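A.B. asks: Handing you this structure, nothing more for now.
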Amino acid sequence: MPRWILLEHVDAPDDPLGRHFDLLIEHDEACRTWRLAALPLVAGPAVAATAIAPHRRAWLDHEAGPVSGGRGFARRVAGGSCTVIDPPASTGAESTGTGAERVVVRLAEEPRDGVVLHGVLVLERGATGWYARLGPTA
């Protein structure tokens, strides 16, 4: 079963706000990765997201520490295993024919201190960019 992790990343030199969240979802030998402007809340509003370069799977075990090259500090906020609902695991992303991509995963969080983040996460790219929505598990 693939794993996922949500990292709070502060003091990144390319982040004008000084704080964002990196969502990593294990896919093949790396992790598909998105930068989220805020934490998605169950049944809350969509959160702006940016697809960024794949990250190494070693990040899935990260707890806290500086990011190499003076790129800030990252700490684990939440993580666990997930089930890729859409698209099938073999494709990594679904093309809708309009240039849009959609990834839907059911998050199962490991019981730990931190943010509670479980449910069905939808990452979707539309005409204005990526966004993330979190819905209940049912």
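The values are calculated or read from the model by the stated rules, or taken from the named source; none is laboratory data. What you see is a predicted model, and the numbers here were worked out from it, not measured in a lab. In this analysis, Cβ positions are derived from the backbone assuming ideal geometry, glycine residues included, and neighbour counts consider all displayed protein chains.
A.B. asks: Regarding the stretch 64-79, can at least one residue be identified that is modelled with pLDDT under 75, assigned to a strand (DSSP E or B) and under 24 Å from Ala12 (Cα atoms)?
C.D. replies: Yes, the stretch 64-79 contains a residue that is modelled with pLDDT under 75, assigned to a strand (DSSP E or B) and under 24 Å from Ala12 (Cα atoms).
A.B. asks: Taking only pairs six or more apart or across chains, which ones have beta-carbon atoms under 9 Å, a first residue in the stretch 3-22 that is closer than 20 Å to Gly80 by Cβ, and a second residue that is aromatic (Phe, Trp, Tyr) and modelled with pLDDT of 90 or more?
C.D. replies: Partner pairs satisfying both residue conditions: Leu6/Phe21; Leu7/Phe21; Glu8/Phe21; His9/Phe21; Phe21/Trp34; Asp22/Trp34.
A.B. asks: Restricting attention to the stretch 15-35, which residues are at positive phi and of a type in the set (D, E, K, R)?
C.D. replies: Within the stretch 15-35, just Asp28 meets the criteria.
A.B. asks: Something else: Look at Ala49 and say whether it is touching a residue at least 40 places away in the same chain (Cβ under 8 Å) and surrounded by 14 or more Cβ atoms within 10 Å (Cβ to Cβ). Quick ask: steps written out before the conclusion?
C.D. replies: On the way: touching a residue at least 40 places away in the same chain (Cβ under 8 Å): yes; surrounded by 14 or more Cβ atoms within 10 Å (Cβ to Cβ): yes.
Yes.
A.B. asks: For the stretch 3-35, which residues satisfy the criterion of being among the aliphatic types (A, V, I, L, M), buried (at least 20 other Cβ atoms within 10 Å of the Cβ) and out of contact with any helix residue (DSSP H, G or I) (no Cβ under 9 Å at 6 or more places or on another chain)? Break it down stepwise before answering.
C.D. replies: Within the stretch 3-35, the subset among the aliphatic types (A, V, I, L, M) is 5-7, 10, 12, 17, 23-25, 30.
Retained after the next criterion (residues that are buried (at least 20 other Cβ atoms within 10 Å of the Cβ)): 5-7, 23-25.
Passing the criteria: Leu6, Leu23, Ile25.
A.B. asks: Which of the residues that make up the stretch 27-38 are under 10 Å from the mean Cα position of the chain (by Cα) and either over 15 Å from Arg76 (Cβ atoms) or at pLDDT below 90 (or both)?
C.D. replies: Let us first name the residues in the stretch 27-38 that are under 10 Å from the mean Cα position of the chain (by Cα), namely 31-36.
Passing the criteria: Arg32, Trp34, Arg35.
A.B. asks: Go over the candidates Ala48, Ala38, Ala12 one by one and state the one that is of a type outside the set (S, T, N, Q), on the phi < 0 side of the Ramachandran plot and not in a loop (DSSP other than H, G, I, E, B).
C.D. replies: On the way: Ala38 fails: not in a loop (DSSP other than H, G, I, E, B); Ala12 fails: not in a loop (DSSP other than H, G, I, E, B).
Unique residue meeting the criteria: Ala48.
A.B. asks: Within the stretch 52-63, is even one residue at pLDDT 85 or above, of a type in the set (A, V, I, L, M), under 19 Å from Pro136 (Cα atoms) and under 11 Å from the mean Cα position of the chain (by Cα)?
C.D. replies: Checking the stretch 52-63: not a single residue is at pLDDT 85 or above, of a type in the set (A, V, I, L, M), under 19 Å from Pro136 (Cα atoms) and under 11 Å from the mean Cα position of the chain (by Cα).
A.B. asks: Restricting attention to the stretch 65-74, which residues are surrounded by 14 or more Cβ atoms within 10 Å (Cβ to Cβ), at negative phi and touching a strand residue (DSSP E or B) at 6+ places or on another chain (Cβ under 8 Å)?
C.D. replies: Once the filter is applied, which keeps residues that are surrounded by 14 or more Cβ atoms within 10 Å (Cβ to Cβ), at negative phi and touching a strand residue (DSSP E or B) at 6+ places or on another chain (Cβ under 8 Å), the stretch 65-74 yields Val67, Phe73, Ala74.
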